[in-house]
Each structure stands twice: as structure tokens, then as C-alpha cells.
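Asks: Shown below is the structure under consideration.
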Amino acid sequence: MKSRLSPAVNKIAPSGIRKFFDIAAKMQDVISLGVGEPDFVTPWTIRESCVYGLERGYTSYTANRGMLELREEIAAHLMRRFNLAADAEREILVTVGVSEALDVALRAVVSPGDEVLIPEPCYVSYAACTTLAGGVPVPVAAKIENEFRITPAELEPYVTDKTKVLLIGYPNNPTGATMPKEYLAALADFAKHHDLIVISDEIYGDLTYGGEHTCFAALPDMKERTILLNGFSKAYAMTGWRIGYAVGNEDIIAAMTKIHQYTMLCAPITAQIAAVEALKRGEKYKDKMVAEYDRRRRLIYDGFTKMGVECFEPKGAFYIFPHIASVGMDDNKFAEDLLRTEHVALVPGSAFGKSGKGYVRCSYATAIDKISEALNRIENFLQKRKP
Ligand code: PLP
């Protein structure tokens, strides 16, 4: 049967993240640092707005692009936060999470054989969605020595006459890297020079520790060539609601809307009502969650550093990416043995591209006492294996 499936589907592998959860699900007493999901429940005011919406009978489809009220709130938020002007009627599309926005963005701009530059390690969907859109993912390794940031000099050797898109995601999953404004400005010049479209996944833009996030589309001259992706899953603890959005040039958004119209129709109305509330009144709850992630971030970073594992201090998102090869371990074996013997689940870095090999991803979106206990178990595991 495999030969009868689409070649693009045959080319992609199942996500390397899920395999470990399937093993963990059958075990008792597992502490999971695996899932990239807030351990908080969506703040009550957001849940309540949805309950009231249902009570009032809001159960229908919405406009394909999403409720105008939500698009206006998104536009107001972008103006407040980044001084970025976006037309709610023409330049914003509400989607079923950033997942859909990413897929639709790639399908809207990639022609068969077009190459997409993707700094790695990166979120598992970037290469897979590029392949499904008929494009060719071109991974470019970001290095720990450079705090997992990417520079034009590193990207330049991979540019060909087929390069069409640069796909970036900062703050980064899985490394926790952020890109200061001057680094993004250098990428902006690079994109202009090679006439690239930039897809910028900023889903972790609100989760930074100590440095403000710069929105790529808000850099000079970048709005026209950037498709900004963002959503509510991480910052507002809303993963299950499935709601996000894309912002960009009106022709690109119109093209994306066509695909969205025929495949998704619209994002769920319940989630759209909740998203309006998140933008109107969710800020203070978000800030509290970010402060708690910061506490956990410091604990886990200190923990790995004290164990002698080389570790980059993450500045954003809620992941840490210890270099497990620095204590002589293979990432897949480490993750598997740790799960089986100490009951701690994390994800091998190889799941995030070849350049993630030798690292493991730990999510610190987990209660602080569980993180402490997981660190004890990891230390115990490493002690037993000391030569
Ligand atoms: N982009 C990145 C970098 C992510 O880490 C994730 C989820 O883990 C997504 C996008 C998907 O987000 P959503 O829940 O909005 O589909």
C-alpha cells in the first residue's frame, strides 16, 4: 500500500516526540519534561467568556478570515505591542492554531521545488510542512557557541536560485534561543538582498526572560515580505482551543484565506470568542505564568550546570537544551534509558533535526517540585554511569 500513498507523505517521518510519550503513557510515576505544553489551565476569565458565548447561542460558523472583532483586537495588540499596523479586513487571517497558519502559509507561497531555508534545531513541523507543500527544506545548523542564533554568513552558502523562503522561529523551540533586534535586522537585510519571503513563527514571543521580543514584521520594510504567525496556545495556556493567526501582505493573506476556506472553513467560534477575551483582559494572567516559568528556568539551568552538563541558558519559550554529549552520552540512548530506569521523560535532540543530535529537550512548563525531583533522578542516572 505504501507505494500508492503520496510521495510527499512517504518522505516525511512521524514526529520523534510522540514515540517517548507512548512509552511513558504505559509507565507509572513518570515525570514528564517532554511535552511542549503549559501545565496551567486557561485563565478563568477566558474560559468564562466562552461559556457565556455558548449560553448566548454562539455556535455557528464565522467569517472565513475569523470574527472581525477578533481581527480588530489582534490589530490593536500588534499596534500596542510592536507599533505594527495591520489592516483587520485584509491583512489578518485567524487560523486553527499556528499549526494551520504554518501549513497554509507554506502552501500559499511555495511552488514545487522551491527551497526553504530553515535554521535548525527547530520545531518538528517546519521541514515536514515544507515537504508537504512541495518545497525542499534546507536545514542550516545554528550553533551552541553562538547561543543558537543564526547569521546571514551561516545562511549564505545555502542560497541558490531556488531559494524562496526563510522560515524562522524565535524564541526557539527546542533551544530556548532568542534573537536580539540587531541579529534580526541582519536577517532582514539578507532577506531583502535575496528577495526572500520570511515566515516568522513568534508563538513564544511573549515568553522571554530579561530581553524584549522583536517582531520581525515590524522591522523597517519587512512587513510586505513577512508572514507573521502567532497564537494563543503557549502564552495564554490555550493549547486545546486550537486558535492562532497569520498577518501579512494582503495578496498573501488572500491566497492563504482561499486554502483555509476550502480546507478549514473557519476556526472554532468558541475559541475565537475566548481569544478576544485573552487579548482584552488576559495580560496580567500571562505575566504571572511567565514569572513562574522564569523561576523554573533558573532552577533547571542551575541543576544541569551543577551536574557538569554543558548547557546554554535559555532566554525564551519554556525549553532547555542540555548538551548531553558533553558527558559522553548519545541523546536517543540517554532519553530511552532515563525513561526506563528513572522514569523521567524528555525528548532526544535529534527529533528537531540533525543538528540537535547530542542534545535533549526538556520542557520546564511543569510544576517546580516535579522539576526538582526530575533533576535528582537525572543526577542519580548520571552518577551511576560515571566511568
Ligand atoms: N510553533 C512552535 C514553535 C511550536 O512549538 C508549536 C507547538 O508546540 C506550534 C507552532 C504549534 O502551535 P499551535 O498550538 O498554535 O498549533
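Asks: Would you list, by chain and number, the lysines whose Cα falls below 22 Å from the Cα of K384, excluding same-chain residues fewer than 8 positions away?
Replies: Within reach: K306, K333, K370.
Asks: Something else about it: By its C-alpha gyration tensor, with a ≥ b ≥ c as the square roots of the eigenvalues, how is the range 229-273 shaped: rounded for a/c under 1.5, else prolate for a/b larger than b/c, else oblate? Intermediate values should be presented prior to the final figure.
Replies: Numbers: a/c = 3.00, a/b = 1.58, b/c = 1.90.
Note, shape of the range 229-273 comes out oblate.
Asks: How large is the charge dipole for the chain, taken about the Cα centre, if only the Cβ atoms of Lys, Arg (+1) and Asp, Glu (-1) carry charge, to the nearest 20 debye?
Replies: Details: 46 positive and 49 negative charges, 195 e Å.
My answer is approximately 940 debye.
Asks: Can you give the net charge of the other residues whose Cβ lies under 11 Å from the Cβ of S99, counting K and R as +1 and D and E as -1?
Replies: Working: positive: R242; negative: E100, D103, D201.
In short, -2.
Asks: Please report how far the C-alpha centroid of the range 220-287 lies from that of the range 112-149, rounded to the nearest whole angstrom.
Replies: Taking the Cα centre of the range 112-149 as reference, the centre of the range 220-287 is 22 Å away.
Asks: Which Cα, out of L184, P174, M222, lies furthest along the positive dipole direction of the chain (beta carbon charges, K/R +1, D/E -1)?
Replies: Of the listed residues, the answer is P174.
Asks: Which net charge results for the neighbourhood of E224, defined as the other residues with beta-carbon distances under 12 angstrom from its beta-carbon, given Lys and Arg at +1 and Asp and Glu at -1?
Replies: Numbers: positive: K192, K223, R225; negative: E91, D195, D221, E250, D251.
Surrounding charge for E224 is -2.
Asks: Could you tell me which of rounded, prolate or oblate describes the range 90-157, using a ≥ b ≥ c as the square roots of the eigenvalues of the alpha-carbon gyration tensor, with rounded for a/c under 1.5 and, failing that, prolate when a/b is larger than b/c and oblate otherwise?
Replies: Values: a/c = 2.16, a/b = 1.60, b/c = 1.35.
It comes out prolate by the Cα gyration axes.
Asks: In the Gaussian network model of the chain, springs joining C-alpha atoms below 10 Å, which of S372, S200, S233 carries the largest mean-square fluctuation?
Replies: S372
Asks: Apply the Karplus parameterisation 6.51 cos²θ - 1.76 cosθ + 1.60, with θ equal to phi minus 60°, to every residue of the range 253-262 and state each ³J(HN,Hα) to the nearest whole Hz, in sequence, with x for glycine and proline.
Replies: 5, 5, 5, 5, 5, 4, 5, 4, 4, 8
Asks: First select every other residue whose beta carbon is under 10 angstrom from the beta carbon of D206; then total the charges, Lys and Arg +1, Asp and Glu -1.
Replies: Details: positive: R81, K234, K286; negative: E202, E283, D287.
With Lys, Arg at +1 and Asp, Glu at -1, the neighbours total 0.
Asks: Amide H to amide H under 5 Å from I227: which residues, 5+ apart in sequence or cross-chain, H placed 1.01 Å off N in plane?
Replies: Amide H to amide H, under 5 Å and 5 or more residues apart or across chains, I227 pairs with V198, I199, S200.
Asks: Quick one: what are the phi-derived ³J(HN,Hα) couplings along the range 177-184, Karplus 6.51/-1.76/1.60 with θ = phi - 60°, whole Hz, x for glycine and proline?
Replies: With the stated coefficients, the range 177-184 comes to 6, 10, 10, x, 3, 5, 5, 5 Hz.
Asks: Taking a cut-off of 13 Å between Cα atoms, list the aspartates and glutamates near K315, but don't count ones fewer than 8 places away on the same chain.
Replies: Candidates past the 8-residue exclusion: E147, D206, E212, D294.
Asks: Which lysines, if any, have their Cα less than 17 Å from the Cα of K192, not counting same-chain residues under 8 positions apart?
Replies: Qualifying lysines at Cα under 17 Å: K162, K164, K181, K223.
Asks: Which of rounded, prolate or oblate describes the range 121-232 when judged by the alpha-carbon gyration tensor and an a/c cut-off of 1.5?
Replies: It comes out rounded by the Cα gyration axes.
Asks: Counting alpha carbon pairs within less than 8 Å and at least 6 residues apart, what relative contact order, in whole percent, applies to the range 1-107? Intermediate results must be reported in sequence, preceding the final value.
Replies: Details: 31 pairs, mean separation 16.3, N = 107.
Across the range 1-107, relative contact order equals 15 percent.
Asks: Which FRET efficiency value, to the nearest 0.05, do you get for K354 and E156 by plugging their Cβ-Cβ distance into 1/(1 + (r/R0)^6) with R0 = 22 Å? Intermediate results must be reported in sequence, preceding the final value.
Replies: On the way: r = 20 Å, r/R0 = 0.89.
My answer for the efficiency is 0.65.
Asks: Could you size up the charge dipole of the range 237-387 around its Cα centre, putting +1 on the beta carbon of Lys and Arg and -1 on that of Asp and Glu, and report it in debye to the nearest 20? Provide the component values of the computation, followed by the final result.
Replies: Values: 23 positive and 18 negative charges, 37 e Å.
Rounded to the nearest 20 debye, it is 180 debye.
Asks: Treating only the Cβ of Lys, Arg, Asp and Glu as charged (+1, +1, -1, -1), what charge dipole size does the range 257-313 show about its Cα centre? Round to the nearest 20 debye.
Replies: On the way: 11 positive and 8 negative charges, 40 e Å.
It works out to roughly 200 debye.
Asks: I've got another one for you. Taking all protein chains together and a probe of 1.4 Å, list D330, D201 from the most accessible to the least accessible.
Replies: Details: D330 65, D201 10 Å².
Highest to lowest solvent-accessible surface, that is D330, D201.
Asks: Positive end of the dipole of the range 1-112, charges at C-beta (+1 Lys, Arg; -1 Asp, Glu), about the Cα centre: which of L84, G53, F21 has its Cα farthest in that direction?
Replies: Farthest towards the positive end: F21.
Asks: At a Förster radius of 56 Å, what calculated FRET efficiency corresponds to the Cβ-Cβ distance of Y61 and E310, to the nearest 0.05? The partial results should precede the final answer.
Replies: Values: r = 51 Å, r/R0 = 0.92.
That gives a FRET efficiency of 0.65.
Asks: Here is a further query. R0 = 41 Å: FRET efficiency of R90 with S15, Cβ-based, nearest 0.05? Mind dumping the intermediate values first?
Replies: Numbers: r = 34 Å, r/R0 = 0.84.
E between R90 and S15, to the nearest 0.05, is 0.75.
Asks: Further, regarding this structure: Quote the relative contact order of the chain in percent (integer), defining contacts as alpha-carbon pairs under 8 Å separated by 6+ residues. Kindly include the intermediate steps, with their values, before the conclusion.
Replies: Numbers: 741 pairs, mean separation 93.9, N = 387.
Relative CO of the chain lands at 24 percent.
Asks: So what's the back-of-envelope 222 nm ellipticity for the chain, counting only DSSP H runs of four-plus at -39500 (n - 2.57) apiece and dividing by all residues, rounded to 500? Intermediate values should be presented prior to the final figure.
Replies: Working: 13 runs with 158 residues, N = 387.
-12500 deg cm²/dmol, from helical runs alone.
The values are calculated or read from the model by the stated rules, or taken from the named source; none is laboratory data. On a predicted model such as this, the values are computed, not experimentally measured, just so you know. Using ideal geometry, Cβ is built from the backbone for each residue, glycine included, and neighbour counts are taken over all protein chains shown. Remember, those area values only see protein heavy atoms, side chains included, never the ligands or the DNA or RNA. Shrake-Rupley method; radii C 1.70, N 1.55, O 1.52, S 1.80 Å.
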